[in-house]
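Read through the structure below, which is laid out as C-alpha cells, and then see the notes.
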Amino acid sequence: MKLDLELVPERDLKNKPDEKHLGFGKYFTDHMLVIKYTHGEGWHDAIIKKYGDFSLDPAAMVFHYGQAIFEGLKAYRGTNGANYLFRPADNLRRMNDSAKRMCMPALPVDYVLEALKKLLEIDQQWIPKAPGSSLYIRPTMIASEAGLGVKPAKEYLFYIILSPVGAYYPEGFNPVKIYVTDKYVRAVKGGVGEVKTAGNYAASIMAALEAQQKGYTQVLWLDGIERRYVEEIGTSNIFFKINDELVTPALSGSILPGITRDSVMKLAQHWGVPVVERPVSIDEVMQAVEDDSLQEIFASGTAASISPVGALNYQGKEYPIHGEKIGPLAQRMFSELQGIQYGSLGDIFGWRVAL
Ligand code: COI
C-alpha cells in the first residue's frame with residue numbers, strides 16, 4: 001500500500017506548547033496518519049496529513065455500539081541525540097488481539113510501524129526535551145460504517161495521533177494514593193477486560209471520579225465475581241513486593257496484558273528478584289500490610305510508567321505503604337526503564353527501536 005503525504009506548509013505549523021506544563025494529552029502535533037478499511041478491499045488510502053477533524057455519519061457504528069480500540073506507546077528524545085520507540089511492534093500486535101475480540105480487521109503490523117516512523121520523522125520537532133517528557137502515540141481504530149444493526153461494521157478508520165506529554169499523574173514520580181473499590185467492577189472473565197477497547201475506560205470513569213472526590217488518585221479494581229481478587233489499577237497493572245518476591249495478578253481473562261507489566265517482570269527476573277504471577281486476594285494484601293511482609297506496591301503502564309503506591313484505602317480505612325515513600329524496587333524499575341527508553345542505559349532485551 002502506498003503512503004500519501006499531504007504535509008502542512010512550514011508557515012502553517014502550530015506553535016509548540018511550553019514543555020514545563022505539558023500535562024497529559026492536551027496538545028496534538030501537526031500531522032496524523034489515517035488508513036481506511038473497507039470489507040472486500042482491505043486497508044487502503046493510507047495518508048499522513050494535517051491533524052484535524054473527521055467527518056463521520058451520525059449513524060457511524062462506533063457512536064452506537066462502541067467498536068473502538070486503541071493503544072498507547074511513546075517516542076522518547078534520547079540523551080545521545082537519537083530518538084526511540086519502546087517495544088512498538090508489541091503494541092501493534094496487542095492492538096490486533098483487541099481487533100480480533102471486537103470483530104474488527106487486523107492491521108498490517110510491519111506497514112503500520114513503518115508509517116508510524118515516517119509520521120514521527122515528519123513531526124520529530126514535537127518530541128519534547130524536558131526530563132521525563134515524551135511524545136505519546138495513540139493508535140486508534142473505529143467503526144465508521146453508517147448503520148444501526150448490531151453487527152461488525154464493514155468500514156473502519158485507523159489513525160495515529162501524537163501528543164507531547166509530561167507525567168500522567170499530577171504527582172509525577174511520587175507515591176499515589178489508591179482507593180480499592182468493591183462497589184464497581186471493571187471487567188469479568190469472558191468479557192472484554194483483557195483488550196484495549198474504549199468501553200472499558202468509559203466504565204471506569206465513575207469509580208475514578210468517586211475515588212478522586214475522596215482524595216485518591218486512582219482505583220484498584222477487584223475481580224467482577226467475588227470482588228476479592230486484585231485485578232489492576234485504573235490505567236495500569238499492579239505489583240506487590242511481599243516477602244522479597246515480586247507478585248502480580250496472573251492474567252485471568254479480565255486483566256490487560258501490559259507491555260510495561262511484561263517489561264517489569266523480565267527486568268526483575270534478570271536482577272534475580274523472584275517474580276510470581278498468581279491470583280492475589282485483597283485479604284492477602286491487607287494481611288501482608290498488617291504483618292509487615294508487604295514491602296512495596298507499584299503500578300506499571302505506558303502513560304504512567306512506574307507509579308509507587310503510597311497508600312491504599314480499603315473499606316473506609318487508609319493503610320500507608322512503605323511509609324508513603326518511593327520503594328527501592330519501584331525506584332530501580334523506574335530508573336532502569338527510563339534509562340532504556342531514553343537511551344542512556346544498555347538494552348539487553350532489544351526493546352528500544354531507534355527512529
Ligand atoms: C497507557 O498507559 O498508554 C494507556 O493507554 C492508559 C490510558 C488510558 C491513559
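Of these, L209, L246, L220, which one is more than 16 Å from the ligand (Cβ to nearest atom) and among the hydrophobic types (A, V, I, L, M, F, W, C)?
Details: L209 fails: more than 16 Å from the ligand (Cβ to nearest atom); L220 fails: more than 16 Å from the ligand (Cβ to nearest atom).
The match here is L246.
Looking at segment 158-168, can you tell me whether even one residue there is more than 28 Å from G327 (Cα to Cα) and more than 16 Å from the ligand (Cβ to nearest atom)?
Yes, that holds for at least one residue.
Please list, ordered by residue number, the strands (runs of 3 or more DSSP E) wholly in segment 286-335 having 3 or more residues that are within 16 Å of the ligand (Cβ to nearest atom).
On the way: elements: 294-301, 305-314, 317-320.
Result: 294-301, 305-314.
Run down L85, L56 and say which single residue is under 29 Å from K129 (Cβ atoms) and out of contact with any His (no Cβ under 6 Å at 6 or more places or on another chain). Before the answer, list the steps.
Numbers: L56 fails: under 29 Å from K129 (Cβ atoms).
Sole residue among the options that is under 29 Å from K129 (Cβ atoms) and out of contact with any His (no Cβ under 6 Å at 6 or more places or on another chain): L85.
Taking only segment 249-274 into account, find how many residues are in contact with a Leu (Cβ under 7 Å, 6 or more places away or on another chain), within 16 Å of the ligand (Cβ to nearest atom) and either free of Cβ contacts under 8 Å to residues at least 24 places away in the same chain or not small (G, A, S) (or both).
1
If you scan segment 98-115, which residues turn out to be assigned to a helix (DSSP H, G or I), under 30 Å from G191 (Cβ atoms) and out of contact with any helix residue (DSSP H, G or I) (no Cβ under 7 Å at 6 or more places or on another chain)? Steps first, please.
Applying the first criterion (assigned to a helix (DSSP H, G or I)) to segment 98-115 yields 98-101, 109-115.
In the following step, the residues that additionally are under 30 Å from G191 (Cβ atoms) were identified as 98-101, 109, 112-113.
The answer is S98, A99, K100, R101.
Restricting attention to segment 178-189, does a residue exist that is farther than 30 Å from K118 by Cα, within 15 Å of the ligand (Cβ to nearest atom) and of a type in the set (K, R)? It would help to see each step written out before you state the result.
First, the residues of segment 178-189 that are farther than 30 Å from K118 by Cα: 178-189.
Next, from what is left, pick out any that are within 15 Å of the ligand (Cβ to nearest atom): 186-187.
Okay, now just the ones that are also of a type in the set (K, R), so 186.
Yes.
Criterion first (polar (S, T, N, Q) and within 13 Å of the ligand (Cβ to nearest atom)) does S204 satisfy it?
Values: polar (S, T, N, Q): yes; within 13 Å of the ligand (Cβ to nearest atom): yes.
Yes: the conditions hold for S204.
Quick one: in segment 223-242, of everything that is within 26 Å of F334 (Cα to Cα) and charged (D, E, K, R), which residue is nearest to the ligand (Cβ to nearest atom)?
E232
Is it the case, given these coordinates, that T140 is within 16 Å of the ligand (Cβ to nearest atom), out of contact with any Phe, Trp or Tyr (no Cβ under 7 Å at 6 or more places or on another chain) and either modelled with pLDDT of 95 or more or under 25 Å from N83 (Cα atoms) (or both)?
Details: within 16 Å of the ligand (Cβ to nearest atom): yes; out of contact with any Phe, Trp or Tyr (no Cβ under 7 Å at 6 or more places or on another chain): no; either modelled with pLDDT of 95 or more or under 25 Å from N83 (Cα atoms) (or both): yes.
For T140, the condition - within 16 Å of the ligand (Cβ to nearest atom), out of contact with any Phe, Trp or Tyr (no Cβ under 7 Å at 6 or more places or on another chain) and either modelled with pLDDT of 95 or more or under 25 Å from N83 (Cα atoms) (or both) - is not met.
Among residues belonging to segment 54-97 that are assigned to a loop (DSSP other than H, G, I, E, B) and within 15 Å of the ligand (Cβ to nearest atom), point out the one that is nearest to W43 (Cα to Cα). Please lay out each step first, then the result.
The initial filter retains those residues of segment 54-97 that are assigned to a loop (DSSP other than H, G, I, E, B), namely 54-59, 66-67, 71-72, 78-82, 87.
With the extra rule that they be within 15 Å of the ligand (Cβ to nearest atom), the set shrinks to 71-72, 87.
Values: E71: 19, G72: 21, R87: 24 Å.
Among residues in segment 54-97 that are assigned to a loop (DSSP other than H, G, I, E, B) and within 15 Å of the ligand (Cβ to nearest atom), the one nearest to W43 (Cα to Cα) is E71.
Within segment 326-354, which residues are surrounded by fewer than 16 Cβ atoms within 10 Å (Cβ to Cβ) and touching a strand residue (DSSP E or B) at 6+ places or on another chain (Cβ under 7 Å)?
A354
Can you work out which of the residues in segment 91-146 that are among the acidic types (D, E) and surrounded by fewer than 17 Cβ atoms within 10 Å (Cβ to Cβ) is nearest to L256 (Cα to Cα)? So that I can check it myself, show each step before the final result.
First pass over segment 91-146, keeping only residues among the acidic types (D, E): 97, 110, 114, 121, 123, 145.
Okay, now just the ones that are also surrounded by fewer than 17 Cβ atoms within 10 Å (Cβ to Cβ), so 97, 110, 114, 121.
Numbers: D97: 11, D110: 23, E114: 26, E121: 30 Å.
Residue satisfying both the conditions and the ranking: D97.
Counting just the residues of segment 153-185 that are part of a loop (DSSP other than H, G, I, E, B) and closer than 30 Å to F54 by Cα, which one comes out farthest from the chain's Cα centre (by Cα)?
First, the residues of segment 153-185 that are part of a loop (DSSP other than H, G, I, E, B): 153-154, 166-175, 182-185.
Still in the list and also closer than 30 Å to F54 by Cα: 153-154, 166-169.
Working: A153: 26, K154: 27, G166: 14, A167: 13, Y168: 10, Y169: 13 Å.
This residue is K154.
Scan segment 220-275 residue by residue and report those that are under 18 Å from the mean Cα position of the chain (by Cα) and either part of a strand (DSSP E or B) or assigned by TED's automatic domain parsing to the domain that holds K74 (or both).
Listed by number, the residues that qualify are L220, W221, E231, E232, I233, S236, N237, I238, F239, T248, P249.
Just for segment 174-198: of the residues that are in contact with a strand residue (DSSP E or B) (Cβ under 9 Å, 6 or more places away or on another chain) and surrounded by fewer than 16 Cβ atoms within 10 Å (Cβ to Cβ), which one is nearest to K317 (Cα to Cα)? First the steps, then the outcome.
Taking segment 174-198 and keeping what is in contact with a strand residue (DSSP E or B) (Cβ under 9 Å, 6 or more places away or on another chain), we get 174-182, 184-187, 193, 195-198.
With the extra rule that they be surrounded by fewer than 16 Cβ atoms within 10 Å (Cβ to Cβ), the set shrinks to 174, 182.
Numbers: N174: 21, D182: 13 Å.
Taking the candidates together, the pick is D182.
The values are calculated or read from the model by the stated rules, or taken from the named source; none is laboratory data. Keep in mind the model is a prediction, meaning the values are calculated, not measured. Neighbour counts run over all protein chains shown; Cβ positions are idealised from the backbone, glycine included.
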